[in-house]
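One structure is given here, and the rest of the page talks about it.
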Amino acid sequence: MRKVILSFLCLFSLCLQGQEQESNVRVGAKAGLSLATFSRGFFYQQEDFTYLPSLYAGATLSVRTDRTLSGKLELLYSGQGARHREHYTSAYAGDYSTAYLSLGYIIHFRLFEHLYLDAGLTTDLLIKKDSKVPSPKTFDVAGLVGVEVPLFSFLSLEARAKSGRGGINNYTDYYGGTPFNTDLNNLVLQVGAVYYF
């Protein structure tokens, strides 16, 4: 009888431990508004461009390591691009629309009870190019910072900024006119919601 009770207690403690570990892993879906432009440097907006609205959507996997720190992995579709202002010539005016499949590696810091800080990197693969962008690069690496505010245990709001470092085109191979004869990077502001299952 002791062996049965001891076996039951061991099995029960293993089940509790398994449930405790499962609660540290959260899967979610996210979507929101993406405001994108082209920049020079990290978060320095190029004067000739303004923000172009688009959407982003995808999935997230969060693993909590302790009470204040989590690691997040994201796979997102991110609409990006820019709107070029007409200054001297209308040849380059208009919208430049691109889209990326983005894989994000994010550290999720708990600052307060209802405020989290996100910081990390994304690797972005160009899946929709704009024919008006000469010699486009198909791969980008970006830095990301943002905040997440939980409203309920299953729903959060987020706001973040992402700045690409790989450049949008091979500008050294392009000898045409502005705006693509300089080093341009993606700059994206995102505001959206995260739903955890």
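For the reader, a short list of remarks on this structure follows.
- With respect to being polar (S, T, N, Q), modelled with pLDDT under 95, open to solvent by 10 Å² or more (accessible area, probe 1.4 Å) and out of contact with any Leu (no Cβ under 7 Å at 6 or more places or on another chain), S131 fits the description.
- Exactly one residue out of A91, A31 is of a type in the set (A, V, I, L, M, F, W, C) and at pLDDT 80 or above, and it is A31.
- Residue selected from region 134-174 under the condition of a type in the set (D, E, K, R) and at pLDDT 75 or above, by the criterion nearest to Y51 (Cα to Cα): K162
- Any hit, region 40-60, residues being more than 27 Å from S78 (Cα to Cα), modelled with pLDDT under 90 and part of a loop (DSSP other than H, G, I, E, B): no
- Residue check, G177 modelled with pLDDT of 95 or more and open to solvent by less than 80 Å² (accessible area, probe 1.4 Å): no
- Selection status of R110, modelled with pLDDT of 90 or more and among the basic types (K, R): yes
The values are calculated or read from the model by the stated rules, or taken from the named source; none is laboratory data. Being a predicted model, the structure only gives us computed values, none of them experimental. Note: ideal-geometry Cβ built from the backbone for every residue, glycine included; neighbour counts use all protein chains shown. Each accessible area value is taken on the protein alone, full model and side chains, heavy atoms only, with ligands, DNA and RNA left out. Shrake-Rupley method; radii C 1.70, N 1.55, O 1.52, S 1.80 Å.
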